[in-house]
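The structure appears right after this line, and notes come after that.
Any read-out appearing in this document is the output of simple, stated calculations on the displayed coordinates, not a laboratory observation. The structure presented is a predicted model; accordingly, all values stated were derived computationally and were not measured. When we count neighbours, we look across all protein chains shown, and the Cβ atoms used for this are built from the backbone with ideal geometry, even at glycine.
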Amino acid sequence: MGKPTVLATVILAATLAMPQGAIAQDQPRPGMSCPVDHDQLADILKKSVKPGGGPSNGGLDNNEWAAVVNRQGVVCAVAYSGSKVDDQWPGSRAIAAEKANTANAFSLTSKAMASANLYAGAQPGGFLFGAALSNPPSPEVIYAGTPDEFGTAHDPMVGKPVGGVIVFGGGLALYDGNGIAGALGVSGDSSCADHNVAWRVRHLLGLDHVPAGVSPNMKDAIIYDIGPDGKSPSGFGHPKCNGKEDQIAVDLGAGVSGSVVR
């Protein structure tokens, strides 16, 4: 056996010995479906936040990150609203992707569940207590690549499942005319403002054909029904934040305020 043959055999053996997940993480999946492309997501996100010339969402009016996963939970688009990668909180890139994963993971073709709808149930004694720890995010996916690629069409998370469960506002399932197509996550402001931004983005994308949700008439709207005792009468409530996010949500049709879930 000559030296080239020996070398080829060694390389083949080493490749076969590698975990398949490690190989897959380095290679985006071919032919991956995505309900949104990067440029479309970036353009609509900018128009949905005040720094980009859009409306106030009631929080800090920061720039935001947005991420989309397809129905298989694979990240397929990541974008930001600022002019450069650190115009928005760097830590919110991962949170946006995890919010998208959450909304996709807990929504069905027949019923949507926003990440905001999980808050009350995930508290101690709630019916979803422990859910936030049930699907840990993948640090190998989150921290891959270099920051100059983050939020671009070549973001290193694209083509990979990020995992993670976030139990506060900012994640919404995406529904086209044929059913659920994946989910959107937004992060970079208060969780209440993130929900408002996500609601605007989903609507402008035309992916808000939501069939039903935990709120009988408001579908996967954020529910502000947590009382002074910390209890949510609906079981799907979310705390109010410090600004005008709740009123803006009500005006948008993105939120329900009070003890009556509509």
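Helix 92-105 and the long axis of the chain differ in direction by around 80°, with both axes built from C-alpha atoms. Cut-off 10 angstrom, C-alpha nodes, Gaussian network model of the chain. Which of Gly126, Gly164, Gly237 fluctuates the most? Highest fluctuation among the options: Gly126. Here the 3J(HN,Hα) profile of region 139-146, calculated from phi with Karplus coefficients 6.51, -1.76 and 1.60 at θ = phi - 60°, is x, 5, 7, 4, 9, 5, x, 10 Hz, Gly and Pro shown as x.
Let me have the 222 nm mean residue ellipticity of the chain computed from DSSP H runs of 4+ only, each contributing -39500 (n - 2.57), with the sum over all residues rounded to the nearest 500. Let's see the in-between values first.
On the way: 7 runs with 72 residues, N = 262.
Taking each H run of at least 4 residues, the total per residue is -8000 deg cm²/dmol.
Note on Lys240: lysines with a C-alpha under 25 Å away, same-chain residues under 8 apart excluded, are Lys46, Lys47, Lys50, Lys99, Lys111, Lys219, Lys231. Quick check: Cα centre of region 170-191 to Cα centre of region 96-150, how many Å? First find each Cα centre; the distance between them is then 11 Å. Is the chain rounded, prolate or oblate when judged by the Cα gyration tensor, a ≥ b ≥ c being the square roots of its eigenvalues, rounded requiring a/c under 1.5 and prolate requiring a/b larger than b/c? Prolate. Residues Arg93, Arg71 in ascending order of nearby Cβ atoms (within 10 Å, fewest first): Arg71, Arg93.
Backbone geometry of region 187-195 corresponds, through the Karplus equation with coefficients 6.51, -1.76 and 1.60 at θ = phi - 60°, to 3J(HN,Hα) couplings of 8, x, 9, 4, 4, 5, 5, 4, 4 Hz, x marking Gly and Pro. How would region 79-162 be classified by its alpha-carbon gyration tensor: rounded, prolate or oblate, with rounded meaning a/c under 1.5 and the a/b versus b/c comparison settling the rest? Cα axes put region 79-162 in the prolate bin.
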